[in-house]
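Provided herewith is a single structure, encoded as structure tokens, for subsequent inquiry.
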Amino acid sequence: MNIDLHCHSSASDGLLAPEALAARAAGQGVTVLALTDHDEVTGLAEARQAAEERGIRFVDGVEISVNWGDTTIHVVGLQIDPRHPALSAGLETVRSSRARRAAKIGEALGAAGIPDSFAGALAYVGNPDVISRTHFARFLVQQGYARDVRSVFQHYLVRGKPGYVPHQWAALKDAVSWIRASGGVAVVAHPGRYKLSHHEMRTFLAEFKDCGGTGIEVVTGSHSPEQYGVYAKIARDFGLLASRGSDFHGAGESRAELGSLPPLPQDLKPVWHDW
Ligand code: AMP
Ligand code: MN
Ligand code: MN
Ligand code: MN
């Protein structure tokens, strides 16, 4: 089994349409695939059909943007029902604030001497409801402000840099409750990416569990092999189910190819244990 439970299509900030993404997953030997677009579920039907035509078991997913204090955290929902009213209404609210935020990012970059980035980013958007920093990053690379998407983020789009604007996403308890209401399991995405101290991470995870969260990504394209060990231990300590996902956004842009990461440590209980 080759299970990849985190990736993005052009319904959010991935480069491939849902069908092309599923085809690529098949080519990479993926046997179980979840599409987890940011705050969006419109790619799922097309991805499911394309995946199932190729013998892949498809899992409906989503990656919800959440605030916890002043940290943005991503919570992946797996085995969700994309038509569930609480989930769709919640996601709709989160998405609807993205356009306003993008206009502010455009103004902030303008003030830093980079004109017309809002319109520029829009040209890279596959789904007008989900304009993200990734789309700004692609425009800035194309304009020659940095050599690749990763360095644009470092210099322009993260906290403390000219194009960063704070934003109000979903509350942790709301995101987890939408996922659970729709029949899904809530999983902390790429925990190693957040700038939290060990103590803050443990406080966060206790709160996440209190809200009904049950999983954590251990093997992800956002972790170093050393971090696989760190978060495997945390999964054990907190009794969380472990997940594995590439966080693939497109060839040349992502650290990990679909289905390419090592397996989970054997002793962990995988999030798919009862699927
Ligand atoms: P947004 O939801 O608009 O804040 O955009 C978040 C997305 O930006 C993430 O899902 C990644 O795809 C991308 N991203 C965030 N930080 C980085 C980074 N340091 N390098 C490359 N991409 C990043
Ligand atoms: Mn992304
Ligand atoms: Mn994420
Ligand atoms: Mn992601």
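The values are calculated or read from the model by the stated rules, or taken from the named source; none is laboratory data. Note that the structure is predicted; figures quoted are calculated from it, not measured. With ideal geometry, Cβ positions are generated from the backbone for all residues, glycine too; neighbour counts draw on all protein chains shown. The protein model used for the area step is the full one, side chains on, heavy atoms only, and it has no ligands, DNA or RNA in it. Shrake-Rupley method; radii C 1.70, N 1.55, O 1.52, S 1.80 Å.
If contacts are Cα pairs under 8 angstrom and at least 6 residues apart, what is the relative contact order of the range 224-275 in percent? The partial results should precede the final answer.
Details: 43 pairs, mean separation 18.4, N = 52.
In percent, rounded to a whole number, it is 35.
With each pseudo-label sitting 7 Å past Cα toward Cβ, what's the H167-A99 distance in nm, one decimal?
With each label placed 7 Å out from Cα toward Cβ, I get 1.4 nm.
Additional query: R236 versus Q28, label points 7 Å from Cα toward the beta carbon: distance in nm?
If labels sit at R236 and Q28, their model points lie 2.8 nm apart.
Per DSSP H run of n ≥ 4, the term is -39500 (n - 2.57); total these for the chain, divide by its residue number, and report the mean residue ellipticity at 222 nm rounded to 500 deg cm²/dmol.
Working: 10 runs with 103 residues, N = 275.
Helix contribution divided over all residues of the chain: -11000 deg cm²/dmol.
Could you state the number of Å between the C-alpha centres of the range 157-222 and the range 1-36?
22
If you take the C-alpha gyration tensor of the chain, multiply each eigenvalue by 5 and take the square root, what semi-axes do you get, largest first, in whole Å? Mind dumping the intermediate values first?
Values: eigenvalues 152, 92, 69 Å².
Taking √(5λ) for each Cα gyration eigenvalue gives 28, 21, 19 Å.
Report, in debye and to the nearest 20, how large the dipole of the range 1-119 comes out about its Cα centre when Lys and Arg carry +1 and Asp and Glu carry -1 on their Cβ. Spell out each step's value before the answer.
Values: 10 positive and 16 negative charges, 13 e Å.
Once rounded to the nearest 20, the dipole reads 60 debye.
Spin-label point model (7 Å from Cα, Cβ direction): what's the D148 to Y194 distance in nm?
2.7
On the full set of protein chains, 1.4 Å probe, figure out the accessible area of L122 and give it in Å² to the nearest 10.
Here the residue's solvent-accessible area equals roughly 80 Å².
Report the Cα centroid-to-centroid distance between the range 240-260 and the range 65-134 in angstrom, as an integer.
Going from one Cα centre to the other spans 21 Å.
Same structure again: Accessible area per residue for the chain in Å², computed with a 1.4 Å probe and the full protein assembly in place, what is it?
On the way: 11710 Å² over 275 residues.
Here the per-residue accessible area is 43 Å².
Just by accessible area at a 1.4 angstrom probe, what is the order of H273, H6 from largest to smallest?
On the way: H273 90, H6 0 Å².
These residues rank, largest area first, as H273, H6.
I want to make sure I understand the PRE zone here: with the label point 7 angstrom from the Cα of E53 toward its beta carbon, which residues in the range 1-19 have backbone N atoms less than 16 Å away?
Under 16 Å, as judged by backbone N against the label point of E53, lie 17-19 of the range 1-19.
Taking the range 114-174, which trypsin sites (Lys or Arg not before Pro) meet the DSSP loop condition and have no more than 14 other C-beta atoms within 10 Å? It would help to have the intermediate numbers written out before the result.
Numbers: sites: R133, R138, R147, R150, R159, K173; in loops: R147, R159.
Passing sites in the range 114-174 are R147, R159.
Report, ordered by chain and residue number, the lysines lying within cross-link reach of K269, taken as a straight Cα distance under 22 Å and ignoring same-chain residues fewer than 8 apart.
Straight-line reach from K269, under 22 Å: K209, K233.
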